[in-house]
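The next block holds one structure in the form of structure tokens; read it before the comments.
Coordinate-derived values only; no laboratory data. This one's a predicted model, so the numbers in the text were calculated from it and none came from an experiment. Positions of Cβ are backbone-derived with ideal geometry, glycine not excepted, and every protein chain shown enters the neighbour counts.
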Amino acid sequence: MSRVGLVLGGGGVTGASYHLAALLAVEMATGWQPKTADVIVGTSAGAFAAAVVRSGTLSLDSIVKRGEGQEDVAKRIRSWVYRRDRIHGVGRWIRHGVVPSFRRPGLTSVIGAPGRYDPSGIADWVAEQAPTIADTWPERPTVIVAYDLQERRRTAFGTINAPVVALRDAVAASSAVPIVFSPHEIEGNNYVDGGVVSGTNADLVLGNPEPLDLLLILAPMAAEEQRQKARFYEPMFDRVGRSALHDELVAVATAWPATDTLVLRPTPAVLAVMRPNPMDPEQAVPTFIRTLASLRTKLAGPEVWQVLERHLVS
């Protein structure tokens, strides 16, 4: 049996929908169950998807409950994700965001800024979607990536050097997009979206004690082709995502030269419904449907199918 790793990257609400549809497509095509992966690394939207996968609840109902329409789904997701927050943490932002930005201008200035929404709603969404493990941690190796404001470094929850936390809190921390959400506090430390460091953080699979046979990476924010009428910032974000992922893939290939790597990214047709606003709950269902259709073609391609057949088809 092949040793398989999953890397689930960031991508907002539509990114989470992309993950769930893509993993379902892989499961339906091969019979392999994503919950059995030897290691899963999840960042932001990918952290939420990792929780769903590890809980064993991945199904068509993961997005659309029985009897729901598109508006019902959007309303339900909005109620979890967009929980209003009172404005607080200005002092924290000045200490950990504004002051350091004088020394190192750039994204630093917005990290830790008070947000409009409280990421604890995302924690509660995890509890609703993955009730058996939300307050503990998955038995199989699972890494959830966030950024520690105080330490100013990446935190890989689920690894030996990270604090022991509940899965729901780790996902909320990993998903706390700066400015949109306030930082998520866990035991006195404040965390923001793990995508601040990298949209994928694929290099963290190298913490696995043994080399993997297959590394399957889903990268919603590292698209290679753009949709028609893409906003000016879309290719910029994708370039950053591709660059980080490239470096991570080089690190994996150097350490584990025999490991097969397969990267799945949204096509222009999928991006047409995922964007321009990946945080839009209205686009969760269209993204899910179009991803399933897109992956049917992608997975059937000879190069991709040969890899899947070698490692996932029993």
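At 7 Å along the Cα-to-beta-carbon direction for both GLU224 and ILE179, put a label point, then send me their distance in nm to one decimal.
Label at GLU224, label at ILE179, 3.0 nm between them.
If each residue of separation counts as 0.36 nm, what is the full-extension length gain between GLN70 and ARG152 once their alpha-carbon separation is subtracted?
Fully extending the segment from GLN70 to ARG152 adds 25.6 nm.
Given labels modelled 7 Å from the Cα in the Cβ direction, how far is it in nm from ARG116 to ARG78?
Inter-label distance under the simple model: 1.2 nm.
For a quick check, take a GNM of the chain with Cα springs below 10 Å and name the residue from ARG116, ARG275, ARG66 with the largest mean-square fluctuation.
ARG66
Using the membrane-span-like helix rule (whole DSSP H runs, Cα extent along the own axis of at least 20 Å, mean Kyte-Doolittle hydropathy at least 1.0), which helices of the chain qualify?
Long hydrophobic helices here: 12-30.
Compute a Gaussian network model of the chain, connecting alpha carbons closer than 10 Å, and tell me which residue from GLY56, GLY12, GLY42 fluctuates the most.
Result: GLY56 has the largest fluctuation of those listed.
By count of other Cβ within 10 Å, fewest leading, how are TYR117, TYR18 ordered?
Lowest count first: TYR117, TYR18.
Need the list of lysines near LYS229 for cross-linking: C-alpha distance under 24 angstrom, and skip anything on the same chain fewer than eight residues off.
Leaving aside lysines fewer than 8 places away in the same chain, those within reach of LYS229 are LYS298.
In what order do PHE237, PHE232, PHE288, PHE181 fall by count of nearby beta-carbon atoms within 10 Å, going from fewest to most?
Fewest to most other Cβ atoms nearby, the residues stand as PHE232, PHE237, PHE288, PHE181.
Please give every one of the lysines within straight-line cross-link reach of LYS65, meaning a C-alpha to C-alpha distance under 21 Å, and leave out same-chain neighbours fewer than 8 residues apart.
Within reach: LYS35, LYS75.
How high is the relative contact order of the chain, given as a whole-number percent (alpha carbon pairs under 8 Å, six or more residues apart)?
26 percent
Amide H to amide H, which residues 5 or more places from VAL263 or on other chains are under 5 Å from it, using H placed in the peptide plane?
Residues meeting the criterion, in which the H sits 1.01 Å from N, are ILE217.
Per the Kirkwood formula on distinct C-alpha pairs, the Rh of the chain is how many angstrom? All intermediate terms of the calculation are to be shown ahead of the outcome.
Numbers: mean 1/r = 0.0516 Å⁻¹.
About 19.4 Å for the chain.
Quick one: net charge of THR254's neighbours, Cβ under 14 Å, K/R +1, D/E -1?
Summing Lys/Arg as +1 and Asp/Glu as -1 gives -3.
Have a look at VAL177, VAL250, VAL73 and tell me which one the Gaussian network model of the chain (Cα, springs below 10 Å) gives the largest fluctuation.
Greatest mean-square fluctuation among the candidates belongs to VAL250.
Where the centre of each part is set by its Cα atoms, how far does the stretch 141-164 sit from the stretch 39-83, in angstrom?
Measuring centre to centre over Cα atoms gives 23 Å.
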